[in-house]
Structures are given as structure tokens and as C-alpha cells.
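Comments concern the structure below.
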Amino acid sequence: MNELAIDSKDLAKTYGSIRAVGGINLTVPRGAIYGFLGRNGAGKTTTIKMLLGLTRPTAGAAQVFGMDVSTERMAILRRTAFVSEKKTLYPSLTATELVRFSRGFYPTWSDGAVEKYARLLEIPMKQRFEKLSNGNQTKVWLLLALSQGADLLILDEPTTALDPVSVDQLLHVLAEDGFDRGCTVFFSSHQLEEVERIAEYAGVLDHGKLLLESRLDDIKSEFRLITAAGNSLPSQTSA
């Protein structure tokens, strides 16, 4: 059995003359929490879309649970719960109605998880989605994803619009519940603190290039940020 949940080789995407992702190699172990770190516009969302088969790569290849993203998209989606960066759902439905609508699509759906996370995240379940605040809309998306019982959670900037208390609750859920179920969690973020708190592995993306990928503990032990300050520092360094 392939021990990697996600495995990409030279995965790349260009739009005309714009290189969104430039040949990256991801290795995400099964059952791990992987933080995909990068600034806005670094190429995180494009990478996620390629891994889910929502965008066709310009070059390279990727597998999810050993399945090719180009030819086995539906099989991958059946085992994956995805929360998009752009969080929109049927606007006229309440959270309760969205749960009722969604549960029939997923054989591993858990009504117990719905009850648990609705209470934990304090979601107003009887309010129409379009009337919810941005933060509560994000919570509904997370509720639906966490209740699917998926083998892989892919979350694109999941803490967007959440208040600090809700961020703490979500990170706790991902760290504790994901581990208990043996679920692989792949989440993108531009917040280093979030990645440091729960991730076992991290990849750092910048301008479409994967600059670094390793266990988080190894990154912490091998890399340091050094800041120099003084009154007589040279304006530039010579080669």
C-alpha cells in the first residue's frame, strides 16, 4: 500500500505566460497533518485544485491515495472533503437544510459529528446561509466537511473570517479528531502560527516554487531567523 496520501512529481500550471505553479514535488504521508504555507498569491489554491482534479496540470503528475488526479478524479473526490477558499453554498438554505441535502451523498456521513461540531463551533443552524456572517458561513463549510468521514481533508485557508476563539476550536478539532480517525489533513495557510501549532509536516511555497518541505520539528531545529541591527551596517553586500 502506498504510504503517501499525496504524491506529486514536477507538478506545474501556467496560464499563458504566467507561471502559477512551477514544478513542485509534494510528499504527504497518510494520517499526517500537513501545513501548506505561503503568502497570498503563492500558488496554494492552484496546487489544491490540481490535486483534486479541478484544474488540469500543464506538466507533471500527482497521485492521491495512489490514484492519478488526471484520470481518477471521482474516486479521489469520494474519499476527500474539501473546503474552498471561496466559501459559497446555496444561499436560501439554512445550515440544517444544507446538512439534510448533503448527507445522502456520503456513505460515511456522521450525524453525531454534525451535532458535535455545530455545538462546538456555535453555528446558528436555523439561519439561512446568505444571512450568516462570513465567519459563520466558514463554520458551516467546515461542519459539512468534518461530518463526511473522509479519509482526506483538504482545507484552503480554513480560518479565514474566523474569530480567535473559533480558530482555536478548529485547530483543536483538526489535531485531535483527525488523529483519532486516522484522517490525513492538508491545509493551506499564510499564518505561520497556525501551521506551527498543529502540523507535523510543512511545505513552504513562494511564487509557485516549493522552497522547503520537511517535518516541522526538523525545520525548527535547522533554520533560524537572524535580524541584524546597528548604526553602521553596510548598505549592500559584495559577492
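No lab work stands behind these numbers, since they all come straight from the coordinates. Being a predicted model, the structure only gives us computed values, none of them experimental. In this analysis, Cβ positions are derived from the backbone assuming ideal geometry, glycine residues included, and neighbour counts consider all displayed protein chains.
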For the chain, what does the helix formula give at 222 nm: sum of -39500 (n - 2.57) over DSSP H segments with n ≥ 4, over the residue count, nearest 500 deg cm²/dmol? -9500 deg cm²/dmol
Filter the DSSP H helices in the chain by two things, a Kyte-Doolittle mean of at least -1.0 and an axial alpha-carbon span of 20 angstrom or more, and list the hits by number. 164-181
Loop sites in the stretch 1-84: trypsin sites (Lys or Arg not before Pro), DSSP, at most 14 other Cβ within 10 Å: ARG39
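Got a sec? How would PHE105, PHE186 order by Cβ neighbour count within 10 Å, fewest to most?
By the 10 Å Cβ count, ascending, the order reads PHE105, PHE186.
Rounded to the nearest 5, what % of the DSSP beta bridges within the chain are antiparallel ones? Numbers along the way, then the final one.
Numbers: 22 of 40 bridges.
So the antiparallel bridges in the chain amount to around 55 percent.
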Within a Gaussian network of the chain (alpha carbon springs, distance under 10 Å), most fluctuating of GLY43, GLY35, GLY60: GLY60
Write out the trypsin sites (Lys or Arg not before Pro) in the stretch 104-133 meeting two conditions: DSSP loop, and at most 15 other Cβ atoms within 10 Å of their Cβ. LYS126
Dipole of the chain [Lys/Arg +1, Asp/Glu -1 at C-beta], most positive-end residue of GLY104, VAL21, VAL64: GLY104
Extension reserve of the THR71-THR108 stretch, reckoned as 0.36 nm per residue once the Cα distance is removed: 10.9 nm
Given a Förster distance of 25 Å, the FRET efficiency implied by the Cβ-Cβ spacing of SER214 and GLU122, rounded to the nearest 0.05, works out to 0.10
What's the magnitude of the charge dipole for the chain around its Cα centre, counting Lys and Arg as +1 and Asp and Glu as -1 at the beta-carbon? Answer in Debye, nearest 20. 800
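May I ask you to derive the relative contact order of the stretch 4-220, considering only C-alpha pairs under 8 Å and at least 6 residues apart, and to give it as an integer percent? Mind showing how you got there, number by number?
Values: 423 pairs, mean separation 64.6, N = 217.
So the answer I get is 30 percent.
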Cα lying deepest toward the dipole's positive end in the stretch 75-180, options TYR90, LEU77, LEU170, charges on Cβ: TYR90
